[in-house]
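Below you will find the structure I want to go over with you.
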Ligand code: GDP
């Protein structure tokens with residue numbers, strides 16, 4: 001897929017106020033600092049469509065971007081950030097939960113995982129929740145430039161194995177990416193283009 005346009009539409013914390021357009025939607029979510037903003041910017045070839053930030057936990061809203069005038073890319077807040085207060089975490093959970101439960105246009109959620117970190121319970125629990133609630137998702141491993149190819153393979157196999165040992169009967173679709181050296185971009189965009197047509 002060639003990106004011809006990418007525009008910010010709106011930010012809010014209420015799923016009822018999200019855009020009404022009935023176009024396919026793909027959401028990106030993960031722990032703070034996982035590399036989500038960098039990945040989104042790489043995907044759509046923009047330097048700062050999504051705000052990269054040295055201060056994790058800053059983007060606390062549902063951010064809609066319209067891509068090529070025919071699909072939405074949704075940048076969701078990072079989770080698991082210790083400096084967000086307990087009260088904020090609760091509010092966060094409520095509207096993110098509602099987003100996944102109610103947003104009918106959502107075709108696939110991409111859960112981002114930093115390839116340098118051990119599998120984190122917060123990610124595992126989140127994926128389990130998505131699965132239980134019937135939300136289709138795929139995993140995007142980020143920052144692959146930090147590991148050698150062999151180590152990437154081992155990491156991914158171990159990660160998927162861990163998922164299979166819990167509730168999963170089948171490993172979710174996954175992608176290995178690096179925004180630093182721009183890998184995984186075409187594969188991800190092709191995946192989006194193809195499920196778009198279903
Ligand atoms: P977000 O909080 O998930 O949106 O993460 P950001 O995109 O702001 O990135 C968090 C940090 O990880 C920044 O210091 C980025 O420079 C770094 N980072 C993001 N993507 C990559 C990547 O592909 N490779 C490497 N080595 N660092 C990355």
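Where a number appears in this text, it was derived from the coordinates with a stated rule and is not lab data. It should be emphasised that the depicted structure is a prediction, and the values quoted were computed from it without experimental measurement. Neighbour counts are summed over all protein chains in view; Cβ atoms, including those assigned to glycine, are modelled from backbone coordinates with ideal geometry.
Starting with the highest mean, order 133-144, 31-42 by the number of other Cβ atoms within 10 Å, averaged over the residues of each peptide.
Taking the mean over residues of other Cβ atoms within 10 Å, the ranking is 31-42, 133-144.
With only alpha-carbon atoms in the gyration tensor, what are the semi-axes of the equivalent ellipsoid for the chain, in Å, largest first?
Its equivalent ellipsoid spans semi-axes of 23, 20, 18 Å.
To continue, here is another question. How much of the DSSP beta bridge set in the chain is antiparallel, as a percent to the nearest 5?
40 percent
For residue 22 and residue 194, what does the FRET efficiency come to when R0 = 25 Å and r is the distance between their Cβ atoms, rounded to the nearest 0.05?
0.80
Could you calculate the FRET efficiency of residue 14 with residue 68 from 1/(1 + (r/R0)^6), where r is the beta carbon distance between them and R0 is 22 Å, rounded to 0.05?
0.25
Another question about this same structure. Multiplying the sequence separation of residue 146 and residue 118 by 0.36 nm and subtracting their Cα-Cα distance, what value in nm do you get?
Here the answer is 8.7 nm.
Ok, one more. Go ahead and estimate [θ] at 222 nm for the chain from helices alone: -39,500 (n - 2.57) per DSSP H run with n ≥ 4, summed, over the residue count, rounded to 500.
It comes out at -10500 deg cm²/dmol, rounded to the nearest 500.
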